[in-house]
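What follows is a short report on a single structure.
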Amino acid sequence: MIGIIDYGMGNLYSVSKALERLNYDYIISADPAELRKAKGLILPGVGAFKDAMEQLNQTKLTDFIKEEVAKGMPLLGICLGMQLLFEESDENGVTKGLELLKGRVERIPGITAEGQTYKVPHMGWNSLDFHQQSALLDGISEGHVYFVHSYYVKTNDQDVLLATSPYDVEVPAVVGKEHVFGTQFHPEKSSAIGMQMLQNYANFLEKRSPSYEQI
Amino acid sequence: MITKRIIPCLDVKDGRVVKGVQFVELRDAGDPVELAKFYDEEGADELVFLDISASHEGRKTMVHVVEEVASQLAIPFTVGGGINALEDMKRMLRAGADKVSLNTAAVLNPTLITEGSDFFGAQCIVVAIDAKYDESLQSWRVYTHGGRNATNWEVIDWAREAVKRGAGEILLTSMDKDGEKSGFDLALTKAVSQAVSVPVIASGGAGNGQDFVDAFEKGEADAALAASIFHYKETSVKEIKSYAKQQGVSIR
């Protein structure tokens, strides 16, 4: 079972419907006791970084997530949920994130080094360039996924970059380290490839569980 | 490279797709979910559902259609028509729509754009503009109420205003070209696309694959929408995409 973290900022419906299509059990909850029963968590997110962290802090979910991940609970952040995994963001003033991965979140510049403007948000289907093997990318070697975002992750930790997408800037599209993963795009809206990634995450949980607590 | 999007548009009335759809192989040609699935399999990048129900009951039915589509499809979709208040936006987005499109209501009450954008994020808020060339303006004028009422807005100004207020995308329909199948209004599309910093969807006038290529290359559109040529099977999403790809357009 997957625990979808409900902190009032996610597109919970589309993520949960995607899991239903995969026939994988889930709960939607804001209650740590409930979420702890899951084999892994999904942190969805639509909206602004600052509002999201305020919600997570107020509901004490920040501490819960950090503690569980430290114990070995797998976590998948989607879109804003992926950005929240990093150290901090520039969106509406500097806000501290969950600090599970190294890097910061900045606005896509919207202007090239040569001074040419381009569109922000980065919206639509973009291709993936794969950099590293990962359980999340099993059986996926090419294809396009659906993005909608104006901020992107900047990281010097090349190890977390599993796949990127070429815009003017190189957009980290799939990130991961040990049992923490993130996708900047919406797997639940990315047709067959996105569904495959969600399936891969479910498979990862099945293989890992229930032993993760002993790690 | 981000790819150019091809978007079929479905008119829904009282829960059924209208506009004389000719899909013989489908079990139920008027079922929005069946059609949505068909277009998904064909490679549609996104879908737009336009609710043209006049009655309250029809509008309620639309929520169920949206839930049904969201539960069965893994591509993004927009719902427009009859969205007049923040509550309407909430209802559609909670039912599973990815974006809502505002047209007349945005012109009559522009703060609605900001309200929606603040609440859900700009990426959820599409402003649809019906544009018609005006000799006296020497430019395009914004129309509302399904093209019946002329406004004082010039299209470029209104597009800029809408984006300033929080629109994340512009759905731009040329009333001059609509239904003509002689190509999109390239001058209009280019003018708006250059005026705003958000993606522009060209609409009205699609006839063949070259029209789409022109919309992307000459009109600088980020996406192009069509209804009848897909519904009447004059061409298909697959055909358009493979033609555009051959012509060097970045296509999924």
Distance in Å, no decimals, from the C-alpha centre of segment A:79-142 to the one of segment A:145-200 is 7 Å
Net charge of Cβ neighbours under 12 Å - reference B:Ser117; Lys, Arg +1; Asp, Glu -1: 0
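On average, how many beta carbons from a partner chain sit within 10 Å of the beta carbon of a residue in B:73-83?
Details: counts 6, 16, 8, 11, 1, 0, 0, 0, 0, 0, 0.
The per-residue average across the peptide is 4.
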Pull out a ≥ b ≥ c, the square roots of the eigenvalues of the alpha-carbon gyration tensor of the protein assembly as shown, then state rounded if a/c is under 1.5, prolate if not and a/b is larger than b/c, and oblate in the remaining case. prolate
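Taking the Cβ of B:Thr104 as the centre, find all other residues whose Cβ is under 14 Å away and add up their charges (Lys, Arg: +1; Asp, Glu: -1).
Taking every other residue near B:Thr104 into account, the sum is -2.
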Can you give me the relative contact order of chain A as a percent, contacts being Cα pairs under 8 Å and 6 or more apart? 20 percent
Taking springs between alpha-carbon atoms closer than 10 angstrom, which of B:Phe212, B:Phe184, B:Phe120 fluctuates most in the Gaussian network model of chain B? B:Phe120
Let me know the mean shielding of B:127-137 by other chains, meaning the per-residue number of their Cβ atoms within 10 Å of its Cβ. 0
Please state the shape class of segment A:87-215: rounded when a/c is under 1.5, otherwise prolate if a/b exceeds b/c and oblate if not, all from the C-alpha gyration tensor. oblate
How big is the gap, in Å, between the Cα center of segment B:45-102 and the Cα center of segment A:1-66? 24 Å
Which of B:Asn149, B:Asn84, B:Asn208 moves most in a GNM of chain B, Cα contacts under 10 Å? B:Asn149
DSSP beta bridges in chain A: the antiparallel percent, rounded to 5, is 60 percent
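Just checking the output field for B:225-237: average partner chain Cβ neighbours within 10 Å of each residue's Cβ?
Counting Cβ atoms of other protein chains within 10 Å of each residue's Cβ and averaging gives 0.
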Using a 1.4 Å probe and ignoring any ligands, DNA or RNA, find the accessible area of A:His179 and quote it in Å² to the nearest 10. 20 Å²
Expected 222 nm ellipticity per residue - DSSP helices of 4 or more, -39500 (n - 2.57), all of the protein assembly as shown, to 500: -9500 deg cm²/dmol
Where both residues lie in the protein assembly as shown, what percent of DSSP beta bridges are antiparallel, nearest 5? 40 percent
Set A:Lys119/B:Lys238; A:Lys17/A:Lys50; A:Lys66/A:Lys207; A:Lys189/B:Lys4 screened for pairs whose C-alpha atoms are more than 18 Å apart: A:Lys119/B:Lys238; A:Lys17/A:Lys50; A:Lys66/A:Lys207
For chain A, just the Cα set please: Rg and Dmax, both in angstrom. 16.1, 53
Looking at chain B from every direction and averaging, what is the projected area of its Cα convex hull in nm²? 12.4 nm²
Whole-number percent relative contact order across chain B, with pairs defined as alpha carbons under 8 Å at least 6 apart: 19 percent
The long-range amide H neighbours of A:Glu99, using H built 1.01 Å from N in the peptide plane and a cut-off of under 5 Å, are A:Phe86, A:Glu87
Quick one: if the Förster radius is 35 Å, what FRET efficiency do A:Glu87 and B:Asn109 give, using the C-beta to C-beta distance and rounding to 0.05? 0.30
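Given contacts defined as C-alpha pairs under 8 Å and at least six residues apart, what's the relative contact order of segment A:30-119, whole-number percent?
Relative contact order here is 26 percent.
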For B:Lys181, give me every one of the lysines with a C-alpha distance below 18 angstrom, ignoring sequence neighbours fewer than eight places off in its own chain. B:Lys19, B:Lys132, B:Lys218, B:Lys233, B:Lys241
Per residue accessible area in Å² of the protein assembly as shown, where ligands, DNA and RNA are left out and the probe is 1.4 Å: 40 Å²
What list of ³J(HN,Hα) couplings, whole Hz, do you get for segment A:128-143 from phi and the Karplus terms 6.51, -1.76, 1.60, once you set θ to phi - 60° and write x for glycine and proline? 10, 10, 8, 10, 9, 5, 7, 4, 5, 9, 3, x, 10, 10, 7, x
Once you've got the GNM for chain A with C-alpha springs shorter than 10 Å, pick whichever of A:Ile140, A:Ile42, A:Ile111 has the biggest mean-square fluctuation. A:Ile111
Segment B:118-219 shape via C-alpha gyration tensor axes, a/c threshold 1.5: oblate
How much length, in nm to one decimal, is gained on full extension between B:Gln194 and B:Ser139, taken as 0.36 nm per residue of separation minus their Cα-Cα distance? 18.3 nm
Report the longest stretch of chain B that contains none of the GluC sites (Glu not before Pro) sitting in a DSSP loop with at most 10 other Cβ atoms within 10 Å. B:136-252
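The values are calculated or read from the model by the stated rules, or taken from the named source; none is laboratory data. Since the structure is predicted, the reported quantities are computational estimates derived from the model, not experimental observations. Reconstructed Cβ throughout: ideal geometry from the backbone, glycine too, with neighbour counts over all protein chains shown. For the accessible areas, the whole protein counts, side chains as well, though only heavy atoms, and no ligand, DNA or RNA atoms are used. Shrake-Rupley method; radii C 1.70, N 1.55, O 1.52, S 1.80 Å.
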